[in-house]
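One structure is given below, encoded as structure tokens.
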Amino acid sequence: MEASEAKETLQQLRERTQAIYKFHKLQEGTAVNWTRSFEECEPFGQIIHCTASNLAVTKKRPFGRWPYLIQSLGRGSVDKKGVQFIVWDYKFPRYAEINNKFPLLKGMPSDIVFFGDDLAFWHAGWVNRWCYGIEVRNCGPLVRSQSRSSSAFLWAHRYRYRGRQPIKVGRFYWEPYTRQQIESVLWIGRLMAAIHPIRPEWLLGHCHVSSTRDCDPGFHFPIHEVRQYTLDPEYASVPINEIEFLKEFGCHNSRTFLPSEEDPLVSELSLHARMYRNDWDGTPPYGACFPDVESELLGDVGRLKRDLRSLGYYPGPTDDNLVTEAYTETVRAFRGRWKKKRSYRWRNELAVHGRMDDLARLKLEQMLQSRM
């Protein structure tokens with residue numbers, strides 16, 4: 001996609017967002033929930049979040065939590081936080097009249113709002129100044145209810161969950177993402193990559209840059225594939241509706257999920273059967289399990305690259321022993337998870353020669369052990 005077309009599409013998405021505000025009789029707030037303009041006026045990163053909120057769609061509430069999310073994460077939010085994009089599970093039929101006014105948005109997979117990319121919203125801490133944020137509507141991790149039947153689940157440890165059948169990834173249950181949501185993240189990423197110099201090592205989840213939440217957007221979010229089909233020139237030109245790995249995600253109103261024709265280990269059916277593929281345990285391009293490699297064949301840097309990739313980072317395309325720029329930026333992101341508060345010196349030293357200090361090595365080992 002050409003930059004001019006991408007800019008025009010984003011402009012129509014911004015105008016459509018304003019029309020949605022008017023439709024719901026909402027107003028943008030006046031509070032300050034951004035720091036300043038992006039550094040050098042050009043973001044080069046993308047941070048993906050899950051909203052940790054439920055669908056809440058009923059006959060009396062046909063839009064569920066959607067209006068609340070727009071208010072709480074948009075410009076001027078009194079919650080003092082915000083993102084550039086919010087992704088819903090599907091498209092609302094009641095927006096048909098609005099949608100007809102914006103021809104460039106006909107291919108938009110699900111409902112998306114866009115608040116503008118000229119301001120650095122507060123959504124991911126220290127990386128806000130060069131990364132824009134995408135919030136995807138999802139409850140996140142779920143727990144079994146102790147007071148109800150064994151099939152009942154709670155989200156946020158206290159609210160009853162009534163969404164799609166949870167999937168179990170490792171020791172945890174999660175609300176599955178819909179195909180429309182993953183398509184939307186790819187659609188947004190391609191638009192932004194056509195305008196800004198987005199770097200693969202900075203296409204990350206919230207948990208990759210902040211230790212405030214255990215895992216956001218979740219181990220089951222296809223971070224490697226999203227990165228590949230957004231930024232890899234060989235794959236970024238593949239039409240979204242023809243991307244193979246999307247077959248493993250079900251539609252928003254489906255209680256069951258479509259099996260993958262190519263690899264049953266990456267299907268939602270297998271996830272439900274606990275034959276799960278943890279997408280952050282893989283190598284590009286397909287997230288397959290890392291092949292057995294004799295440890296002595298990898299030097300210290302090579303082993304660190306392999307371990308960081310298993311957590312969803314992008315330290316470069318190969319696990320060689322070279323200290324590349326991609327590896328250095330990945331170490332910067334990983335160490336930044338445990339930045340010392342109120343210490344700008346720590347932040348500025350994160351990228352020095354791509355070093356993993358003792359604290360970072362200890363944290364990496366703890367994270368790897370907790371996932372076994």
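Assorted remarks:
- Relative contact order for the stretch 138-210, counting Cα pairs under 8 Å that sit 6 or more residues apart, in percent: 23 percent
- The packing ranking, built from the mean of other Cβ atoms within 10 Å per residue, places the peptides 307-319, 355-367 in the order 307-319, 355-367, highest first.
- Positive contributions from Lys and Arg (+1) and negative ones from Asp and Glu (-1), summed over other residues with Cβ under 10 Å from the Cβ of residue 166, come out at +2.
- Two-site label geometry, residue 355 and residue 100: point separation in nm, points 7 Å out along Cα→Cβ: 6.4 nm
- Above-threshold pairs, the threshold being 26 Å between Cα atoms, out of 25/101; 25/60; 101/247; 22/81; 81/305: 101/247; 81/305
- Peptides 110-118, 129-137 ranked from most to least packed, by the mean per-residue count of other Cβ atoms within 10 Å: 129-137, 110-118.
- Extension reserve of the residue 303-residue 325 stretch, reckoned as 0.36 nm per residue once the Cα distance is removed: 6.3 nm
- Simple label model, 7 Å out from Cα along Cβ direction - residue 160 to residue 368, nm: 4.5 nm
- Per-residue 3J(HN,Hα) values for the stretch 314-326, derived from phi via the Karplus relation 6.51 cos²θ - 1.76 cosθ + 1.60 with θ = phi - 60°, read 10, x, x, x, 10, 9, 7, 9, 8, 8, 8, 5, 4 Hz in sequence order (x marks Gly and Pro).
- Distance in nm between pseudo-label sites at residue 31 and residue 251 (7 Å out along the Cβ direction from Cα): 3.8 nm
- Oblate is the label for the stretch 1-102. Its Cα gyration tensor axes, ordered a ≥ b ≥ c, give a/c of at least 1.5 and b/c at or above a/b.
- Each peptide in 54-66, 20-32 gets a packing score, the mean of other Cβ atoms within 10 Å over its residues, and the list from highest to lowest is 54-66, 20-32.
None of the figures in this text is laboratory data; all of them are computed from the coordinates on show. Just so we're clear, the structure is a prediction, and the values are computed from it rather than from any experiment. In this analysis, Cβ positions are derived from the backbone assuming ideal geometry, glycine residues included, and neighbour counts consider all displayed protein chains.
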